[in-house]
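The values are calculated or read from the model by the stated rules, or taken from the named source; none is laboratory data. All of these numbers come straight from a predicted model, not from anything done at the bench. Methodologically, a virtual Cβ is constructed for each residue, glycine included, from the backbone with ideal geometry; neighbour enumeration extends over all protein chains shown. What goes into the accessible areas is simple: the full protein's heavy atoms, side chains included, and nothing from ligands, DNA or RNA. Shrake-Rupley method; radii C 1.70, N 1.55, O 1.52, S 1.80 Å.
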Amino acid sequence: MNKDIKYMRLAIKEAKKAELIDEVPIGCVIVKDDKVIARGFNHREIKKMVTSHAEIEAINKANKKLGAWRLEDCDIYVTLEPCIMCAGSIIQARFRRVIYGASDFKGGAFGSSIDVLKAQNINHYPEIVRGVLQEECSQLLSEYFKRKRK
């Protein structure tokens, strides 16, 4: 199995944890040396904090685990294209790769809504891999919002 698919499946498991607590089902895993070092899922509603996105939750855990703010040898897997806040954190942490499932045309910051990597003079440009298990990631979100509208 392709490593990107393997780790995106783990991110989807994290997203499903968010769904169980009635949070928007977005999940994230961070991988270093082919090992998961951190996991996260949305906690915005429960924590009442705008910064409690899956990516930020996982980045904070990875920073703590490694005892460093730089995550340059790490890859981050997210079920939904990161927003501008998360993209900024990903760039600042110097991730090697960003792998996401579903594109976010309303708020995605790696090309769907805006592209932060087109900014000149930023300090780091991670590799972006789009659309890994896109259908599964998109379906998880669309089914959640269909249930919420009922």
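Odds and ends about this structure:
- Ordering Phe145, Ile90, Val78 by the projection of their Cα atoms onto the charge dipole of the chain, which places +1 on the Cβ of Lys and Arg and -1 on the Cβ of Asp and Glu, puts Phe145 at the extreme positive end.
- About its Cα centre, the range 1-144 has a charge dipole of approximately 500 debye under the convention of +1 per Lys or Arg Cβ and -1 per Asp or Glu Cβ, with nothing else charged.
- Net charge dipole size for the range 89-150 [Lys, Arg +1 and Asp, Glu -1 on Cβ; Debye, nearest 20]: 300
- Convex hull (Cα only) mean projected area of the chain, reported in nm² to one decimal: 8.6
- Where Asp4, Asp115, Asp33 fall by accessible area, highest first, once all protein chains stay in place (1.4 Å): Asp33, Asp115, Asp4
- Nearest-10 value in Å² for the accessible area of Lys65, using the 1.4 Å probe: 130
- Here the chain has 51 percent of its accessible surface on carbon and sulfur atoms, given a 1.4 Å probe and all protein chains in place.
- Working from Cα pairs under 8 Å separated by at least six residues, relative contact order for the range 6-109 is 24 percent.
- Legend: distances between Cα atoms for Lys3/Lys148; Lys3/Lys61; Lys13/Lys106; pairs beyond 30 Å are Lys3/Lys148.
- 222 nm mean residue ellipticity, helices alone, for the chain (DSSP H n ≥ 4; -39,500 (n - 2.57); rounded to 500): -12500 deg cm²/dmol
- Taken over the C-alpha atoms, the range 1-80 has Rg and Dmax values of 12.2, 38 angstrom.
- Under 18 Å of direct C-alpha separation, and excluding same-chain neighbours fewer than eight residues apart, Lys48 reaches these lysines: Lys17.
- Accessible area of Arg130 (1.4 Å probe, protein heavy atoms only, ligands and nucleic acids ignored): about 130 Å².
- With Cα atoms, 0 to 90° folded angle of helix 84-93 axis to the chain main axis: 30
- Cβ-based charge dipole, the chain, positive-most Cα from Gly111, Gly101, Val24: Val24
- Eligible aspartates and glutamates near Lys65 by straight Cα distance, threshold 19 Å, same-chain separation 8 or greater: Glu14, Asp33, Asp34, Glu55, Glu57, Asp73, Asp75
- A Cβ-based charge dipole, computed about the Cα centre of the range 18-97 with Lys and Arg at +1 and Asp and Glu at -1, lands at about 380 debye.
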